[in-house]
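The values are calculated or read from the model by the stated rules, or taken from the named source; none is laboratory data. Worth saying up front: this structure is predicted, and the values here are computed from it rather than measured. Methodologically, a virtual Cβ is constructed for each residue, glycine included, from the backbone with ideal geometry; neighbour enumeration extends over all protein chains shown. The protein model used for the area step is the full one, side chains on, heavy atoms only, and it has no ligands, DNA or RNA in it. Shrake-Rupley method; radii C 1.70, N 1.55, O 1.52, S 1.80 Å.
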Amino acid sequence: MLKYWPPLNALRGFEAAARLGSFHKAAAELHVTQSAISQQIRSLESHLEQPLFIRQGRSVTLTDAGQDFYSSTQDTLKQLSVGIRRLEQYRKSNQLIVNTTPAFARHWLLPRLGQFHQHYPDIDIWLFTTYDVPDMETETIDIAIRDDLTRQNECVFEVLYQDTLYPACHPNLINTESRLTLHGEREMDWSNWVIGGGESVGQSAKGLNFSDPSLLLDAVCQGLGIGLVSQLLAEHARSTGQLSPLTEQRVAGAKWTWLIHKDSENSLLTQYFCQWLVAELAKCSAQR
């Protein structure tokens, strides 16, 4: 791939000359000599083996090839500029990088982030969601909160919350006899309900299948059918009247745990966030 790359420094000279229609103006903008711009353009044309400009005295216009390349160059330089600007976020001293699952972020953490910000306005949370468990040794993450964690090197591991599961549906479906069954994976599979001793609520082997527990919960809340839901993740939806349990029975669900990288363990940002998190989870336990 490298053999197709033009001299990168020449791209800036080309972009400025093409945009301004003048080698002289491009040189003034980039604080170099006009001969330097001319040399960069010649080098670029030699590399591409075709002319990019039509020279007309002091003014220049783009050839058809030059116009095409100008569009590509602008996109490339803009993307590079955005990438450089994004690097600033890695230098923020008040930033806490929190990894979690999309489901936990959407249904539990997001409804509470405003409250956290009110208590700690100087802490900037970078919410980094992934379906896969992160490698805390190689990735820049302060704390991971998930239901699929095991111990990792250089990290503090702790079980935070024992979840429970129950079948639920939208309140409008409570008295409906024929209801579509929504199936999830792992803990959200109906086999966990049956094995755990849960009573039949009219679930069927047929129905719709969801690999993402977040989408499963959304489908239940939107009245698509009945599904097995996490007590923790469904707490907000239940409190806002989006779903209702089909029975008072509960079976064991996943264990929510955290990994705190030892480099972040003694940080005040981490300590404040962890204290807040534990307090919020304790409220959920009390409401069961």
Starting from the Cα-Cα distance between residue 94 and residue 222, subtract it from 0.36 nm times their residue separation and give me the gain in nm to one decimal.
42.3 nm
For the stretch 208-288, the Rg and Dmax computed from alpha carbons only, in angstrom
15.9, 46
Run the reach check for residue 78 against aspartates and glutamates, Cα to Cα strictly under 14 Å, same-chain hits fewer than 8 apart removed. What comes back?
15
Could you rank 278, 156 by how accessible they are, 1.4 Å probe, largest area first?
278, 156
Starting at the first residue of the stretch 245-257, write each ³J(HN,Hα) from the Karplus equation 6.51 cos²θ - 1.76 cosθ + 1.60 with θ = phi - 60°, in whole Hz, x for Gly and Pro.
x, 8, 7, 7, 5, 9, 10, 5, x, 6, 9, 8, 10
Subtracting the Cα-Cα distance of residue 117 and residue 81 from 0.36 nm times their residue separation yields 10.0 nm
What distance in nm separates the two pseudo spin-label positions at residue 283 and residue 39, each 7 Å out from Cα along the beta-carbon direction?
6.6 nm
Which ³J(HN,Hα) values in Hz, rounded to whole numbers, follow from the phi angles of the stretch 116-122 under the Karplus curve 6.51 cos²θ - 1.76 cosθ + 1.60, where θ = phi - 60° and Gly and Pro get x?
4, 5, 5, 6, 10, x, 8
What list of ³J(HN,Hα) values in whole Hz, one per residue of the stretch 20-25 in order, does the Karplus curve 6.51 cos²θ - 1.76 cosθ + 1.60 (θ = phi - 60°) give from phi, with Gly and Pro shown as x?
8, x, 7, 5, 5, 5
Heavy atoms only, 1.4 Å probe, whole protein assembly: order 120, 166 by accessible area, highest first.
120, 166
Give me the accessible area per residue for the chain, probe 1.4 Å, as a whole number in Å².
56 Å²
Among 220, 32, 82: highest mean-square fluctuation, GNM of the chain, C-alpha pairs under 10 Å
32
If one computes P(r) from the Cα atoms of the chain, what percent of pairs lie at distances over 37 Å?
44 percent
When the C-alpha atoms of the stretch 9-165 are aligned to their principal axes, what extent does each axis show, in angstrom, from largest down?
77, 33, 29
Before anything else, pin down the relative contact order of the chain: Cα pairs under 8 Å, at least 6 apart, normalised by residue count, whole percent.
19 percent
Aspartates and glutamates with Cα under 16 Å of residue 262, excluding same-chain neighbours fewer than 8 positions away:
135, 137, 139, 142, 154, 158
Taking H placed 1.01 Å from N in the peptide plane, check which residues at least 5 places from residue 254 or on another chain put their amide H under 5 Å from its amide H.
163
Per 10 Å bin, what percent of the C-alpha pairs of the stretch 81-189 does each bin hold, from zero upward?
10, 32, 32, 16, 9, 2
Among DSSP bridges having both ends in the chain, what percentage is antiparallel? Round to the nearest 5.
65 percent
Whole-Å distance linking the alpha carbon centroid of the stretch 14-79 with that of the stretch 217-265 is 58 Å
Heavy-atom accessible surface of the chain: percent carbon and sulfur, 1.4 Å
50 percent
If each residue of separation counts as 0.36 nm, what is the full-extension length gain between residue 131 and residue 9 once their alpha-carbon separation is subtracted?
40.0 nm
Please grab the % of Cα pairs in the stretch 126-175 that end up more than 13 Å from each other.
67 percent
